[in-house]
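**Q** I have a structure I would like to understand better, so I am pasting it below and will then ask my questions one at a time.
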Amino acid sequence: MSTIVYVEDMEAALAFYRDLLGFGVTFRFPDEGPPAFVALEQGISLALVVDGQIGAHGQPMRLRESRQFELCVYTDDVDKAVGELRAHGVTVLAEPADQPWGERMAYVTDPQGNPVMLCAPL
């Protein structure tokens, strides 16, 4: 099972998910030139697809007006992760805070503006 994220800027999406969040690339298409599809893995499978590509169903795959998903990424140190992401220009939506259910949590955005929750057990 994999979640598909449609992106306008593949390089920005890869810089965020691969380089900053540590997802490993498991597949890319095409092999040469700018990728239109990249599969990533870090405990979950994630696929990045360039917006507007024609899908196997013959229809263009398009972004929608509103955000379509929220990703939760567990980390060992939420404060450190937020600091590193902020240093790379990532927008922080909510600063790290302890939650009553026993996690420390913060929110950042990916390059498309989708919310990404960072959390760790207290």
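The values are calculated or read from the model by the stated rules, or taken from the named source; none is laboratory data. Computed from a predicted structure; not experimentally measured. Because the Cβ atoms are built from the backbone with ideal geometry, glycine has one as well, and the counts that use them run over all protein chains shown. When the accessible area is computed, the model is the full protein with side chains, heavy atoms only, and any ligands, DNA or RNA have been set aside. Shrake-Rupley method; radii C 1.70, N 1.55, O 1.52, S 1.80 Å.
**Q** Would you mention how many residues in the stretch 90-122 are over 27 Å from Ile4 (Cα atoms) and of a type in the set (A, V, I, L, M)?
**A** Residues in the stretch 90-122 being over 27 Å from Ile4 (Cα atoms) and of a type in the set (A, V, I, L, M): 2 in total.
**Q** For the stretch 30-48, which residues satisfy the criterion of being over 13 Å from the mean Cα position of the chain (by Cα) and surrounded by 12 or more Cβ atoms within 10 Å (Cβ to Cβ)?
**A** Pro35, Ala36, Phe37
**Q** What number of residues within the stretch 71-96 are in a strand (DSSP E or B), open to solvent by 40 Å² or more (accessible area, probe 1.4 Å) and modelled with pLDDT of 95 or more?
**A** Adding up the residues that qualify gives 1.
**Q** Can you run down the residue pairs with Cβ atoms below 9 Å, 6 or more apart or on separate chains, where the first is in the stretch 84-104 and of a type in the set (Val, Ile, Thr) and the partner is open to solvent by 60 Å² or more (accessible area, probe 1.4 Å) and part of a loop (DSSP other than H, G, I, E, B)?
**A** Sorted first by the residue in the stretch 84-104, then by its partner, the pairs are Val90/Pro111.
**Q** Out of the residues in the stretch 97-115 that are touching an Asp or Glu at 6+ places or on another chain (Cβ under 8 Å) and open to solvent by 40 Å² or more (accessible area, probe 1.4 Å), state the one that is farthest from Asp9 (Cα to Cα).
**A** Ranking the candidates gives Arg104 first.
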